[in-house]
């Protein structure tokens with residue numbers, strides 16, 4: 001299946017925490033295989049973000065990060081400067097990550113409509129949007 005990285009990350013979290021009480025053994029195996037395939041892309045994304053964070057770090061990152069942990073106790077003028085510099089760092093990371101987050105990936109994962117329905121039955125707390133996202137990703141609907 002083709003899926004955008006951001007959607008994959010969201011669905012991976014959803015499936016990774018899913019209950020499978022209404023699924024038969026064979027169907028559970030299909031879900032596990034899908035999660036394993038998606039997890040590889042998730043790991044690739046995590047490594048990409050870590051590299052982006054490292055490349056975007058200002059020279060005094062350690063000091064800045066330390067100040068951010070105690071930002072509320074800093075004098076007001078310094079607090080504003082520390083928050084602005086941290087926001088600049090986060091913006092730089094976001095600018096690097098945004099195109100990758102929206103890029104499509106090919107993932108060898110398959111779930112049938114019946115499996116998605118049984119997953120929905122097994123997870124009554126899921127929203128309609130979550131089930132629709134699964135259908136869109138796996139069934140192309």
Exercise for the section: Give just the number: which of (1) at pLDDT 95 or above; (2) surrounded by 11 or more Cβ atoms within 10 Å (Cβ to Cβ); (3) out of contact with any helix residue (DSSP H, G or I) (no Cβ under 7 Å at 6 or more places or on another chain) does residue 62 not satisfy? Expected result: (2)
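Would you point out which residue out of 111, 119, 134 is out of contact with any strand residue (DSSP E or B) (no Cβ under 8 Å at 6 or more places or on another chain) and not in a helix (DSSP H, G or I)?
Working: 119 fails: not in a helix (DSSP H, G or I); 134 fails: not in a helix (DSSP H, G or I).
It is 111.
Restricting the search to segment 105-122, which residues are touching a helix residue (DSSP H, G or I) at 6+ places or on another chain (Cβ under 8 Å) and at pLDDT 95 or above?
Taking segment 105-122 first, the residues touching a helix residue (DSSP H, G or I) at 6+ places or on another chain (Cβ under 8 Å) are 105, 107-116, 118-120.
111, 112, 113, 114, 115, 116, 118, 119, 120 - these are the residues of segment 105-122 that are touching a helix residue (DSSP H, G or I) at 6+ places or on another chain (Cβ under 8 Å) and at pLDDT 95 or above.
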Fill in the blank from the handout: Heads up, the helices (runs of 4 or more DSSP H) in segment 1-97 (entirely inside) with at least 2 residues that are touching a residue at least 60 places away in the same chain (Cβ under 8 Å) and within 30 Å of residue 133 (Cα to Cα) are 5-16, 25-56
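Would it be correct to say that residue 22 is more than 25 Å from the chain's Cα centre (by Cα), closer than 19 Å to residue 111 by Cβ and surrounded by fewer than 12 Cβ atoms within 10 Å (Cβ to Cβ)?
Against the criterion (more than 25 Å from the chain's Cα centre (by Cα), closer than 19 Å to residue 111 by Cβ and surrounded by fewer than 12 Cβ atoms within 10 Å (Cβ to Cβ)), residue 22 does not qualify.
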Practice task
Using the structure shown, decide if residue 37 is closer than 17 Å to residue 4 by Cα, surrounded by 15 or more Cβ atoms within 10 Å (Cβ to Cβ) and out of contact with any helix residue (DSSP H, G or I) (no Cβ under 8 Å at 6 or more places or on another chain).
Solution key: yes
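Being surrounded by 14 or more Cβ atoms within 10 Å (Cβ to Cβ) and farther than 14 Å from residue 49 by Cα is the filter here; which residues of segment 82-97 pass it? Outline the logic, then answer.
Taking segment 82-97 as the starting set, the residues that turn out to be surrounded by 14 or more Cβ atoms within 10 Å (Cβ to Cβ) are 82-83, 85-86, 89, 92-93, 96-97.
Result: 82, 83, 85, 86.
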Problem - Residues located in segment 98-108, provided they are part of a helix (DSSP H, G or I) and loosely packed, with under 12 Cβ neighbours inside 10 Å - result: 98, 99
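The values are calculated or read from the model by the stated rules, or taken from the named source; none is laboratory data. Quantities reported herein were computed from a predicted structural model and do not represent experimental measurements. Quick reminder, even Gly has a Cβ in these numbers, built from the backbone with ideal geometry, and neighbours come from all protein chains shown.
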